[in-house]
Structure formats: C-alpha cells, structure tokens
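Before any comments, here is the structure.
Every number here is computed from the coordinates shown, using simple stated rules; none is lab data. None of these values were measured; they are calculated from a predicted model. Please note: Cβ atoms are built from the backbone with ideal geometry, for glycine as well, and neighbour counts cover all protein chains shown.
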Amino acid sequence: MFQRLDAPSAHVTFDFEGRSIHAAVGDSVAAALLAAGVVDLRRSPVGGEPRGPWCLIGNCFECLVEIDGVPSRQACMTLARDGMRVRRQRGAAGARA
C-alpha cells in the first residue's frame, strides 16, 4: 500500500464513486487514489481486466477515469481539486481532445 512520508499541510477533498478522498494540495488524482488504497481505476475494453496507474507520467494511459462527467481523463496528469467527482472508466470511451 502507498503511504505518505509526511503529513500534508493543506488538503482538498473529492468524491470517488461515493467515497470522500482526501488529497494533499498538488497531488494528482492518481496519487491521491493510490494513497487511499484504490489501485484499479478502469476496466480493459477487451477483456474487462482491472487496470491502474502504471507510469504516473502520462505515457501509458492505464489510469483513465471519468472526471466530472468527462471520460478518458488521465488521473496521473490531473490535479485533485475540491469537489471534483471521479469514477472508474468502464471499457472504451471517446478520447478527450
């Protein structure tokens, strides 16, 4: 399990499928979810296998989620902010330009 090395001085809270997730200011959505114990963020469009953050630098696209109703957002490249609503992505969705 991922854990923080020190306590954040400020945080934000967002919703992940009905669960409140606390993130340090400046955390990506992926980092906050990993710290909260969430490791599977989407399902493979082919076989439905669980997928989760892998590279955390925006290259692999394994961390795609739906954020505030917009599918195919990279959780590792999106900063967590107060009040955002995040959901697992199921299968393929249109790419965001």
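What the table shows:
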{"item": "Dipole axis of the chain (+1 Lys, Arg; -1 Asp, Glu on Cβ), positive-most option in Val29, Gly18, Pro71", "result": "Pro71"}
{"item": "Full-stretch length increase - Glu49, Met77 - with 0.36 nm per residue and alpha-carbon distance subtracted", "result": "7.8 nm"}
{"item": "Mean shadow area of the chain over all directions, Cα convex hull, nm²", "result": "6.2 nm²"}
{"item": "Computed over the chain: relative contact order in percent, which uses C-alpha pairs under 8 Å that are six or more apart", "result": "30 percent"}
{"item": "In nm, spacing of pseudo-spin labels at Ser9 and His22 (7 Å Cα→C-beta vector)", "result": "1.8 nm"}
{"item": "The chain - mean residue ellipticity at 222 nm from DSSP helices (-39,500 (n - 2.57) per run, n ≥ 4, rounded to 500)", "result": "-2000 deg cm²/dmol"}
